Amino acid sequence: MSSETSTESQPSFEPWQLFTLAGLIGATIAVFMARGESPAAVIMISITIFAAAGVGIAALRTFLPLTQKTPSDGARIVGGRTRAALEREKTLLLRSIKELEFDRAMGKVSEKDFVEMSGRLRARAARLMRQLDAGAGYRNEIEREIAKRIGDVGVIAGSTKQDPAYAAERQSPDDVGRVLLSRPATTCASCNTSNDPDARFCKHCGHSLEARP
Amino acid sequence: MSSLGYYLLLAAFVVGAYATAMSVAGARRRSRPLIESGIGAFYLLAAIMTAASSVIVYAFLTGDYSIRYVQRYSDSAQPLFYKLTSYWGGLDGSIMFWVFLLSLFGSAAIYINRERHRELIPYIVAIISTVEMFFLLLMIVHNNPFETYLTENPTDGAGLNPLLQNFYMVIHPPTMYLGFVGLTIPYAFGMAALITGYLDDSWLRAVRRWTMVAWLFLSIGLGLGMIWAYEELGWGGYWMWDPVENAGLLPWFTATAFLHSVMVQERRGMLRMWNVSLVILTFFLTLFGTFMTRSGIVQSVHSFGQDPVLSRMFTIFMVSMLIFSFGFVIYRMPLLRARNELDSWLSREAAFLFNNWILLFCAGFVLFATMFPTLSEAVTGERITVGPPFFNQWMIPIGLAMLVLTGIGPLLAWRKSTLINLRDQFVFPILCGLLVGGTTVALGVRIWSSGLCFAFSGFVIGTITQEFWRGARVRQHTTGTDLLTALIGLVGRNKRRYGGYIIHVAIVLLFLGFAGSGFKLEESALLTPGQEARIGSYVIRHNSLSVTDDGRKQMITADMTVLRDGVELTKMYPARWFFRKHEDQPTTEVAIRRTFAEDLYIVMPQFDASQQSANVEITVNPLVNWVWLGFGLLAFGTLIALLPETAFAFAVGRVPDAAKTATASLLLLAITLPAAVQAQDGAPGRTNKTVMQRDIEGKVICMCGSVGCVRSPLNNCPMRPACHGYDAQTAQLQKFLNEGKGQDDILTAFVKEYGTAVLAIPQGRFNSLSWVLPYGLAGLGLLLLVATARRWSTQPSVGAAGGVDTLDPALDARLDDELRDLD
């Protein structure tokens, strides 16, 4: 909930924990103050205090996102089809195919209809599988690129790129990736500009990049 | 306390407005923070409603009688259980309870779907918040549950009506509300899909479980209401076609239709506009039901009273909602129009179409007949009554048609059934039906509707048995296991289908129970100690009358023995309870002896303590327990259908799904477990009514007009044991009969004295519209269905072959692997 929206790492209190604690303390105080009343009334008071704590947590959940400086996440919302959703749809399609096979066995679908209907479903499933594969592939490539570029320049921050995903990609059978990986970024000797790995001339000063130390 | 509550409601309203605005703005601007804030506000609304609910319950517990609502529905002597549940006992509290439930349901729906349907979430939040805002507005400006007495604060309350002080009455409203409120969620999803244009199947899949859960609660709620009427009111029946009963039934019909037609959309992509319209209609009917109960436009045992301001606010909201919803349907028409094909009338798709047609026929008929008195009064100026005999008469054919369709549907193939197919599938069920039908005729049953009902029931049971048997055999073949494992695996693999079949069996049981009412026996007698009354094969002997008191109520109990063929079967103790402060509203404690074959039902409307005599009304209700069993089986079947995909695979299901169904099942267990037979077990001289007398009593409405009068026929009024307004008319009827008058003369005489409203079945040319119009509309609907289907079947099958592109063999092989692993 709130942890999703907070950008800085909080080793100490989460806001909702604060409210829960406040609720517990408040309930204890209220119950103590109302100790003369019937048990049911005391329980209700506690519940009311907890409800108030819940109100606090929810209020936080309401107003905190407005204070966050996260950029518009338009692409994610419009696209909507996260990987999980695609996987789920594929599973449902597979189940539909299985159900169709069962219906055929029960005599509820003729052979001709089965071939046509299951063919359609299988095509959809195959399309989804291709989408899932492609999505995975591009994602890996993008991550590799980023890791490569940040890995070179990122010495400034004092952290070397030890991304496990990056390490894992080195074992990927993807030939293109390996080719990219094997060519580190080139830095121009004269002006120290970082250039693309397949560049032959520096984009800043034009110095030839072929001869490398 | 009261101002805190009121301000909480105000805050909830403001938060609701904020949630709506933020969500819509966020969705339009594609701004994540705004949407997240809107969702947060939605949760906040739920938290505020929880706080407000606990405030009012606290007020009940501590007896804060300065609050009108608390004073009206509680008192210091009331047991704790009823103090807690008085929350929803009255109108204001019930509205707040509605908002509370809706906010909880909505929060659950949003939370569960927050990742899967991101594009729909903002609009779902907006729609549900708007509905909540309406009900909150109702409370804020008109029906404030926290309203206080301005001057003198009473020191004690009036106490809850004794009729409501029993277990069923406590459980029945929340269950009904859970059903009604639950149906708002599919509506919100459907509208969100319409607004965003994401009109594929994803919104259907999201709402499938919600609709089933809501439908389940609605069914249970109706069942509980029936059980209450049967056990507590004491008129020997369980359904009287009361307008508010009908209002609860209407969304049930449309929700059932929706649950079936979504299957057609999932399989064949057809009926998309129809599904969206159905979900809008269902939601509208839930609003309409609430409106009918609270506005006072119909007279009913459920009515909270007349309230024109409330009526106006509801009407405005309902009309706006209809315009908004159907406006979007029209706007999205291009997206909803998919290519549809109906290859044959003998297909599963066609069966589903018929199913929808008939369910909507039911809904349309009930709605029209319920509103007809109001309509007729507006047109002709004459007040008439559309009573139970009318409904029973005209609903029977429709009900029978629905029953037979239940058996036919599963037997038909998708797309097209060939003749060989038909022969193969239909032989066994038809044989079953004929067998049962023949047996009933042989046993001497001559009522055509009951006979057909039994025959059709046999047919349906034959169908379902065949489905289970053949399915298990198929599975046995494919998996190579024994039959029992195959059966369990079968149900586990196809929970929705086989859960649905179990539900169909439950429906058959319900129909069997209904059919039994055609063989009802009734007798009334005035018995002094030692005297006996006879009914059917039973002899009931009255022994004594006792008067006891337990501090809260005075109890007058009759001690009766039941004998059959001279052998004592059991003792039964019908009673009347007079509660303190409500002595004018005594309750009738019914004595019931239950067996699978029939119920022996004894009620004591009047007594004379000095003479120890009891005036009893005895009823024998054949097969009525099959109705309750049917409801139980219905709940079981729905739970099976609701189980998460991975249940029975002995793997841990996804938490949200499992949690949802676990909660639903726990709730149901909590509700139904204590509902084990509660009525006591366990009271002539003579009055033997002639057949004609009984017949006329069924046709004449009691016009006593007492408080809470529900305008029922003389023999069937649920208020009967308590209210004696029918005495005058009964005496009059007796006089006419003694004079030797014929039925028509008697009816005419009654009409002359009381007006046309005294007839249970409306007579006259205009009034025959009451059944002509619905049946006519249904006939028109059928023609429209046929015409549309023909248009669909003559369209060239576009894109049917286009979907089969040549699959990459590697991909194909992978697909086969995954399919194999799936099982």
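Bear in mind that the values in this text are calculations on the coordinates, not laboratory data. Everything numeric in this text was worked out from a predicted model, so none of it was measured. Glycine also receives a Cβ, built like all others from the backbone with ideal geometry; neighbour counts cover every protein chain displayed.
Quickly estimate the mean residue ellipticity at 222 nm for chain B, helices only: each DSSP H run with n ≥ 4 gives -39500 (n - 2.57), and the total goes over all residues, rounded to 500. Could you put the intermediate results ahead of the total?
Details: 26 runs with 501 residues, N = 823.
That comes out to -21000 deg cm²/dmol.
Assigning unit charges at the beta carbon (Lys, Arg +1; Asp, Glu -1) and nothing else, what dipole magnitude in debye, to the nearest 20, does chain B show about its Cα centre? All intermediate terms of the calculation are to be shown ahead of the outcome.
Working: 62 positive and 59 negative charges, 366 e Å.
That gives chain B a dipole magnitude of about 1760 debye.
Taken one residue at a time, the phi angles of the range B:813-821 give Karplus couplings (6.51, -1.76, 1.60, θ = phi - 60°) of 5, 4, 4, 4, 4, 5, 5, 5, 5 Hz. Gly and Pro are set to x.
If packing is taken as the mean number of other Cβ atoms within 10 Å per residue, what is the order of A:32-43, B:168-179, B:418-429, highest first? Don't skip to the answer; put the middle values down first.
Working: A:32-43: 12.7, B:168-179: 22.3, B:418-429: 15.1.
By packing density, highest mean first, the sequence is B:168-179, B:418-429, A:32-43.
The mean number of Cβ atoms from other chains found within 10 Å of a Cβ in peptide B:493-506 is 1, as a whole number. Descending by average beta-carbon neighbour count within 10 Å, the peptides B:737-750, A:113-126 line up as A:113-126, B:737-750, the highest first. Round to a whole angstrom and tell me the spacing of the C-alpha centers of the range B:243-303 and the range B:73-135. Spelled out, the Cα-based centre of one part sits 19 Å from the other. Summing Lys and Arg as +1 and Asp and Glu as -1 over all other residues whose Cβ lies under 14 Å from the Cβ of B:Gln78 gives a net charge of +3.
Would you please classify the overall shape of chain B from the alpha carbon gyration tensor, given that a ≥ b ≥ c denote the square roots of the eigenvalues, rounded means a/c under 1.5, and beyond that prolate means a/b larger than b/c while oblate covers the rest?
On the way: a/c = 1.70, a/b = 1.26, b/c = 1.35.
Oblate, since a/c reaches 1.5 and b/c is not below a/b.
Within 10 Å of the Cβ of each residue in B:474-487, the mean number of Cβ atoms contributed by other protein chains is 1.
Taken one residue at a time, the phi angles of the range B:313-324 give Karplus couplings (6.51, -1.76, 1.60, θ = phi - 60°) of 4, 4, 4, 4, 4, 5, 5, 4, 4, 5, 4, 4 Hz. Gly and Pro are set to x. Averaged over peptide A:112-122, the number of partner chain Cβ atoms lying within 10 Å of each residue's Cβ comes to 4.
Note on A:Lys108, B:Lys581: ascending count of other Cβ atoms within 10 Å places them as B:Lys581, A:Lys108, the fewest first. Dipole size of the range B:325-474 about its Cα centre, with +1 on Lys/Arg Cβ and -1 on Asp/Glu Cβ: approximately 400 debye, rounded to the nearest 20.
Charge tally around B:Leu61: other residues with Cβ under 11 Å, Lys/Arg +1 each, Asp/Glu -1 each, net -1.
Computed 3J(HN,Hα) for the range B:757-770, one whole-Hz value per residue from the Karplus formula 6.51 cos²θ - 1.76 cosθ + 1.60 where θ = phi - 60°, is 5, 7, 8, 6, 10, x, 10, x, 5, 4, 6, 5, 4, 4, glycine and proline marked x.
Ordering B:Ser202, B:Phe189, B:Gly237 by the projection of their Cα atoms onto the charge dipole of the range B:161-260, which places +1 on the Cβ of Lys and Arg and -1 on the Cβ of Asp and Glu, puts B:Ser202 at the extreme positive end. Can you tally the net charge around B:Leu783? Count Lys and Arg as +1, Asp and Glu as -1, for every other residue whose Cβ sits under 13 Å from the Cβ of B:Leu783. Here the count lands on +2.
The alpha carbon centroids of the range B:601-649 and the range B:327-395 are separated by 30 Å.
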